[in-house]
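Colleague: The structure under discussion is supplied below as structure tokens; questions concerning it will follow.
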Amino acid sequence: MSKVKLAAKRWWFIMPIIFISYSLAYVDRSNFSFAAAAGINEDLGMTKGMSSLLGALFFLGYFFFQIPGTIYAERRSVKKLVFWCLVLWGAFASLTGIVNSVPALLIIRFMLGIVEAAVMPALLVYISNWFTQSERSRANTFLILGNPVTVLWMSVLSGYLIHAFGWREMFIFEGIPAVIWAFFWWFLVKDKPSEVSWLSKNEKQALADALAEEQDNIKAVANYGEAFRSRNIVLLCIQYFTWSIGVYGFVLWLPSILRAGKSMGMVEAGWLSSAPYLAATIAMILVSWASDKLRNRKLFIWPLLLIGAVAFLGSWAVGQHNFWISYGLLVIAGAAMYAPYGPFFAIIPEMLPKNVSGGAMALINSLGALGSFFGSWFVGYLNGSTGGPNASFIFMASSLLVSVILTLMVKPEKTSEPLEAH
């Protein structure tokens, strides 16, 4: 069969499963922002500083278990790893709605981070087993679209659930689907193309040959130690750390920022919080398509992060008294921060061979988790201590500007086809 027909079949069989799985992970990490805006602090007797720590603690657990989980996925089975992660994170997410003490909530948030830690890099490894270099930015984007698309509908649903029931019931209801989906995942997924029945022998061989040919064009790297010490990987780790500060400071505190700028209920906050993610979804699809078409990754990363930084500064400059202008700039910032994810994660397997690329993606993602922890905690702290979002807008803008500079410093290894147009 032709390459085009084979590619179409893989997209239709694999990407919906990957999208749903990552979507469910994102529900259970970002709905805490709605509980914070709906009064979890008062109900559990927490200070604003403790609430910021709780919102961020997820990412600390996420940071520590990225690499071990991804090595297991790379060497053993993505299928088994993600199955157990789905079951456990759904259970911990629902337990969030039952606890009555801050120490118990601290433990649950940390454990939730641990069981979700390896999911994204494991799914990136899975994508690299099924899709070629010229498809990978789009494939990565369909995975990461689970992020903004989920926050889009979750923002609206969470607002209604809290309005109708309360923040406890929101956590319980939104944790259950992950446990149910785990069993669909188990029966639908195979680790390698050679294990499925819906590809012919010739189709399997054609895909294997294409993936093997790509590896021949990448400079050999002996082990993880050599890969982790490389200049590009160090730069990408720091770049993703600073980028994630902006993203997760935004995600976790947007509902609270909106309610501070304009008197509104949770349902209205939910609808307004969803708009940046609708814009992000459209931007991600367009950017990933263009990146694969032009085979130029950096061109679709740093300019968008620069736009995000400028939008944050603009929102700060116009102030909360110009709510709708400030809000429109936040929509632009959200879309600009999300749009480059597909090209960004396509860079790594194009620079490093298969034996180390999964571990490198996990290392970079773990530094992103550390940036997410710091960003979500510090943005919450700034909002609470200053009584408004202005300081946090400047902080998030500065982090994105550093990320822009670091992106420009990365110089990918040359393969048979250059990663950048010159």
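Colleague: Within 10 Å, count the other beta carbons around each residue, average over each peptide in 18-24, 375-381, and list them highest first.
Modeller: Numbers: 18-24: 22.1, 375-381: 25.4.
Output ranking for 18-24, 375-381: 375-381, 18-24.
Colleague: Spelling out what I want: for every residue of region 367-372, take phi, set θ = phi - 60°, compute 6.51 cos²θ - 1.76 cosθ + 1.60 (Karplus), and round to whole Hz; glycine and proline get x.
Modeller: In residue order, the calculated couplings are 5, x, 5, 5, x, 5 Hz.
Colleague: What dipole magnitude, in Debye to the nearest 20, does the chain give about its Cα centre under +1 on Lys/Arg Cβ and -1 on Asp/Glu Cβ? Could you put the intermediate results ahead of the total?
Modeller: Values: 30 positive and 22 negative charges, 118 e Å.
Computed about the Cα centre, the dipole is about 560 debye.
Colleague: Just to make sure I understand: if all protein chains stay in place, what is the order of 116, 169 by accessible area at 1.4 Å, largest first? Write down the numbers at each step before the final one.
Modeller: Numbers: 116 0, 169 65 Å².
Output order, biggest surface exposure first: 169, 116.
Colleague: At 1.4 Å probe size, with no ligands or nucleic acids counted, give the accessible surface of residue 214 in Å², nearest ten.
Modeller: Surface open to solvent at residue 214 totals about 30 Å².
Colleague: Also, quick follow-up: What does the charge count near residue 128 come to, summing +1 for each Lys or Arg and -1 for each Asp or Glu among other residues with Cβ under 9 Å from its Cβ? List each step's numbers first, then the result.
Modeller: Details: positive: 136, 354; negative: none.
Net charge around residue 128: +2.
Colleague: Determine the calculated [θ] at 222 nm for the chain from helices alone, applying -39500 (n - 2.57) to every DSSP H run no shorter than 4 residues and normalising by the residue count; nearest 500 deg cm²/dmol.
Modeller: On the way: 20 runs with 341 residues, N = 422.
Using -39500 (n - 2.57) per qualifying helix, the result is -27000 deg cm²/dmol.
Colleague: Follow-up question, since we're still on this one. Compute the accessible area per residue over region 347-394, keeping the other protein chains in place, probe 1.4 Å, unit Å². Walk me through the numbers before you get to the answer.
Modeller: Details: 1200 Å² over 48 residues.
For region 347-394, the solvent-accessible area averages 25 Å² per residue.
Colleague: Expressed as an acute angle from 0 to 90° and rounded to the nearest 10, what is the orientation of the C-alpha long axis of helix 48-64 relative to the principal long axis of the chain?
Modeller: Relative to the chain, helix 48-64 is tipped by roughly 10 degrees.
Colleague: Each residue of region 382-398 in order: what ³J(HN,Hα) in whole Hz does its phi give by Karplus 6.51 cos²θ - 1.76 cosθ + 1.60, θ = phi - 60°, with x for Gly and Pro?
Modeller: Values per residue, Gly and Pro as x: 5, 4, x, 7, 9, x, x, x, 4, 5, 6, 4, 5, 4, 5, 4, 5 Hz.
Colleague: With axes computed from alpha carbons, what is the tilt in degrees of helix 302-318 against the longest principal axis of the chain, rounded to the nearest 10 within 0 to 90?
Modeller: Its long axis makes an angle of about 10 degrees.
Colleague: Round to a whole number: what % of the accessible area of the chain belongs to carbon and sulfur, probe 1.4 Å? Numbers along the way, then the final one.
Modeller: On the way: 11070 of 16030 Å².
Carbon and sulfur atoms account for 69 percent of the accessible area of the chain.
Colleague: Only sites in a loop by DSSP and with at most 15 other Cβ atoms within 10 Å count here; which trypsin sites (Lys or Arg not before Pro) in region 198-239 make the cut? The partial results should precede the final answer.
Modeller: Values: sites: 201, 204, 219, 229, 231; in loops: 219.
Answer in residue order: 219.
Colleague: Output the 0 to 90 degree angle, nearest 10, between the alpha-carbon long axis of helix 78-95 and the longest principal axis computed from the alpha carbons of the chain.
Modeller: Computed tilt is about 10 degrees.
Colleague: On to the next question. For the pairs 80/219; 190/354; 190/298; 79/219; 9/192; 79/298, note any where the Cα-Cα span goes beyond 22 Å. Before the final figure, lay out the partial values.
Modeller: Details: 80/219 31 Å; 190/354 19 Å; 190/298 33 Å; 79/219 29 Å; 9/192 15 Å; 79/298 32 Å.
Where the Cα-Cα span goes over 22 Å, the pairs concerned are 80/219; 190/298; 79/219; 79/298.
Colleague: Could you work out which residue, out of 223, 41, 147, moves most in a Gaussian network model of the chain, that is, has the largest mean-square fluctuation with Cα springs under 10 Å?
Modeller: In this elastic network of the chain, the residue with the biggest mean-square fluctuation among 223, 41, 147 is 223.
The values are calculated or read from the model by the stated rules, or taken from the named source; none is laboratory data. Here the structure is a predicted model, which is why all the values come from computation and not from measurement. Don't worry about glycine lacking a Cβ; one is built from the backbone with ideal geometry, like all the others, and counts go over all protein chains shown. With ligands, DNA and RNA removed, areas are computed over all heavy atoms of the protein, side chains included. Shrake-Rupley method; radii C 1.70, N 1.55, O 1.52, S 1.80 Å.
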